[in-house]
1. Would you please classify the overall shape of region 251-297 from the alpha carbon gyration tensor, given that a ≥ b ≥ c denote the square roots of the eigenvalues, rounded means a/c under 1.5, and beyond that prolate means a/b larger than b/c while oblate covers the rest?
2. As an exercise, use a Förster radius of 45 Å and the Cβ-Cβ distance of Gln292 and Ser407 to find the FRET efficiency, rounded to the nearest 0.05.
3. Let me know the Rg and Dmax you get for region 215-306 when you use only its Cα atoms, in Å.
4. By accessible area of protein heavy atoms, probe 1.4 Å, what ranking do Lys100, Lys211 get, highest first?
5. Which of rounded, prolate, oblate describes region 48-192, given a ≥ b ≥ c as roots of the alpha-carbon gyration tensor eigenvalues and a/c under 1.5 marking rounded, otherwise prolate only if a/b is larger than b/c?
6. When the accessible area of region 189-296 is computed with all protein chains present and a 1.4 Å probe, what percentage of it is carbon and sulfur?
7. Be a star and scan region 200-237 for residues whose amide nitrogen sits under 14 Å from the point 7 Å along the Cα-to-Cβ vector of Lys100.
8. Per-residue accessible area for Glu44 at 1.4 Å probe radius, Å² rounded to 10?
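The values are calculated or read from the model by the stated rules, or taken from the named source; none is laboratory data. In this text, all values refer to a predicted model and were calculated from it rather than measured experimentally. Glycine gets a Cβ as well: all are built from the backbone with ideal geometry, and neighbour counts include every protein chain shown. Ligands, DNA and RNA are excluded from the accessible area calculation, which covers all protein heavy atoms including side chains. Shrake-Rupley method; radii C 1.70, N 1.55, O 1.52, S 1.80 Å.
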Amino acid sequence: MGQKQTSVAPSLDKKQFSAYDNGLDKILTKFWEVEDLPIKLVNESDSVCEENFLRTTTRDANGRYVVTLPFRDPEHPGSGLGYSKSFALSQFLRNEQRLKRDIPLKIRYDSVIQEYLDLNHMREVFPTHDFASYYLPHHAVLKPESITTKLRVVFNASSPSANGASLNDILHAGPVLQSDLTIQILKWRYFQYVFSADIEKMYRQIWVDPKHTPFQRILFRNPDRDIREFELKTVSFGVNCAPYLAIRVLQQLATDVQHSHPKASDVIRHFLYVDDILAGADSKEDARLSIQELNSAGFPLRKWTSNHKDILPHIPSDHLLRSDFLEIDAESMAKTLGVRWKAISDEYFFVPPELSDESSLTKRQVLSQIAKLFDPAGWLAPFVVRAKIFMQEIWLQDLGWDDELPSDLCLRWQSFLQSFSALNRIRIPRRELRR
């Protein structure tokens, strides 16, 4: 949801350093392409995923959706996989040793896994030695800026099995269904009264068909400290088709409730970005009705915020982003799709990223700092354009990742950083005035 994530990892060897470079490349690509208009192409794989979803998705007696994983060979779902348990075990033991060096982190990590058991989102199973299963290595990802979920467990479905193939290699990833971030932010500006919320544990609200849960096995210690095998019963982070399945289920929910919950259906169809809802109305009554329908449509919603206290009177305090949103005081602020918003003044504001002003900088350091600029709506264009020009000039120098920038470029970078203090003074009215 536009939040900074920090992976818990050991010091990097050469192979991992290369992976880090690839990660930086991806971040820079996203930074450069954030202003591009979305283009959605349909290919044969997307059609296969849609057909599989329509043919196999069901709802249980409690209204939970049950999906299957879109295997490339649905008749033989494990085809192409080798033995994966030994590698998952070695990864688990290495991760465990790292966590033992930070006991508070280990306690939090163990509690997240334990929650899977407590909520019946995974179950203990007997060991098997056939290839009709797959073991997911797992690790922690920290989100320092998150208000609620500071630590997330991510499962690595790209980890190779004995023959080099991973679970993600034999699955269709599915089409990209998420809406455009910029469009969602701009649409939120049309309403007089707005509200925001997100779906609690969105992936884990969706069951995976039991015939496919053997491909979502993990290793973990039970209360007696013995390593045991477990199967994840829900859609899981790290499996390549998880984003497609989650958003496709929400689209199906919008269809299923369009007659009983028309306002909720409209919000889910048009005002949802992944698991974040940014919607509103031109009257407080309509806003309250939409919220009422959303709360009974099927998925639990949390972190509620609004620009008016009368819109959220019946939301439990523990379901609010902060309890002060019932008062809308001067400190009531939130982050909506990565953009900061102040409730009392109903305006967006900006907090400059922490950028280094060292006298000597490498190409890697500067480019990674540039990539921290997040401006999907184009409000910071004067800053972002200068950063892009600077990035191009660095590239023309033909420098290595860890080569120091020439002194003239360092001086220009220092000058660029001095302008960042102005970002604290920028305010953008949330509401788009209609003409």
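1. It is oblate, given that a/c is not under 1.5 and a/b is not larger than b/c.
2. Details: r = 62 Å, r/R0 = 1.38.
Efficiency, from the Cβ-Cβ distance: 0.10.
3. Every Cα atom of region 215-306 included, Rg and Dmax give 17.9, 58 Å.
4. Lys211, Lys100
5. Numbers: a/c = 1.77, a/b = 1.09, b/c = 1.62.
Note, shape of region 48-192 comes out oblate.
6. Exposed carbon and sulfur together represent 47 percent of the surface.
7. Within reach of a label on Lys100: 221, 225-227.
8. Number for this one is 150 Å².
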